[in-house]
Amino acid sequence: MAVFVALGAFLMTLVGGWTAQRVTDRRHLVLGLAGGLMLGVVGLDLLPEALEASGGPVFGVPAALLLFVAGFLVAHLVERLLAGRQAAHGAGEHEGGRVPQVGLTAAAAMVGHSVMDGIAIGAAFQVGGGMGVAVALAVIAHDFADGFNTYTITSLYGNARRKALAMLFADAAAPVVGAASTLLFTIPERLLGGYLGFFGGALLYLAAAEILPEAHHEHPARSTLLCTVAGAAFIWLVVGVAG
């Protein structure tokens with residue numbers, strides 16, 4: 001049942017990616033919406049779940065928040081290292097000085113998160129059918145944002161369309177793989193909470209330091225800001241309905 005329900009997440013992820021590639025003539029609006037979706041996912045979905053699941057504090061600070069900061073810093077460090085490596089090898093930089101490997105790395109992190117979404121569906125169904133359906137609906141709803149962001153991030157860093165599509169399909173298949181894996185094992189709650197905190201920090205870095213500045217660089221329009229607000233509000237709606 002969990003694997004069957006995860007197929008809904010597969011389809012919703014593809015719909016999100018399809019939407020992102022169809023509106024490329026309004027790139028600044030796409031990036032503004034993607035930034036808002038990412039901000040909403042981090043602040044309204046990932047971080048609250050991480051704080052609830054990660055256990056007690058470490059030296060006065062919740063473990064999830066420490067890992068959240070670590071995820072932000074690691075994402076910044078990885079981007080700087082990849083950019084420095086590319087410059088050291090004399091390779092030409094892509095649009096806006098962006099390194100394609102950063103986009104692929106970020107998309108791979110999105111795929112890993114989608115695997116965890118599938119595991120969450122499977123674990124919830126092990127608790128009970130009602131819990132499984134509630135978690136599945138939440139995952140399916142926000143997988144539109146996952147697909148949208150995966151395609152957008154990969155493309156933003158200068159990767160070819162075929163690579164962006166490959167990462168999109170990997171992200172779509174990931175929840176099904178994650179749900180199927182729960183037939184073999186389960187993840188301890190504290191470990192899951194720590195992962196959510198770390199991933200949230202990395203995602204926030206991409207939204208705040210890369211996606212949103214790019215969205216407003218060439219088109220500092222009010223419509224771009226409205227798209228960002230709409231993206232965050234959409235995730236708020238999803239979380240509220242799921243809750």
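The values are calculated or read from the model by the stated rules, or taken from the named source; none is laboratory data. Computed from a predicted model, the values in this text were never measured in an experiment. Here the Cβ positions follow ideal geometry from the backbone for every residue, glycine too, while neighbour counts run over all protein chains shown. Heads up: the accessible areas ignore ligands, DNA and RNA and are worked out on the full protein's heavy atoms, side chains in. Shrake-Rupley method; radii C 1.70, N 1.55, O 1.52, S 1.80 Å.
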Top-ranked residue of region 16-37 - restricted to ones that are surrounded by fewer than 19 Cβ atoms within 10 Å (Cβ to Cβ) and touching a Phe, Trp or Tyr at 6+ places or on another chain (Cβ under 8 Å), ranked as nearest to ALA233 (Cα to Cα): THR19
Region 196-232: number of residues that are aromatic (Phe, Trp, Tyr) and open to solvent by 50 Å² or more (accessible area, probe 1.4 Å): 1
Residue that is within 24 Å of GLY55 (Cβ to Cβ), at pLDDT 85 or above and of a type outside the set (Lys, Arg), where the choices are GLY201, GLY193, GLY147: GLY201
Answer residue from region 45-63, given it is assigned to a helix (DSSP H, G or I) and out of contact with any strand residue (DSSP E or B) (no Cβ under 8 Å at 6 or more places or on another chain) and is surrounded by the fewest Cβ atoms within 10 Å (Cβ to Cβ) among those: GLU52
Residues of region 1-13 classified as open to solvent by 40 Å² or more (accessible area, probe 1.4 Å) and at pLDDT 80 or above, total: 4
Residue among GLY130, GLY112, GLY122, GLY178 that alone is assigned to a helix (DSSP H, G or I), open to solvent by less than 10 Å² (accessible area, probe 1.4 Å) and at pLDDT below 85: GLY122
Yes/no for ALA172 being at pLDDT below 85 and open to solvent by less than 40 Å² (accessible area, probe 1.4 Å): no
Residue in region 99-109 that is at pLDDT 65 or above and assigned to a loop (DSSP other than H, G, I, E, B) present: yes
Single residue of region 150-169 satisfying the filter (open to solvent by less than 40 Å² (accessible area, probe 1.4 Å) and of a type in the set (Phe, Trp, Tyr)) that is modelled with the highest pLDDT: TYR151
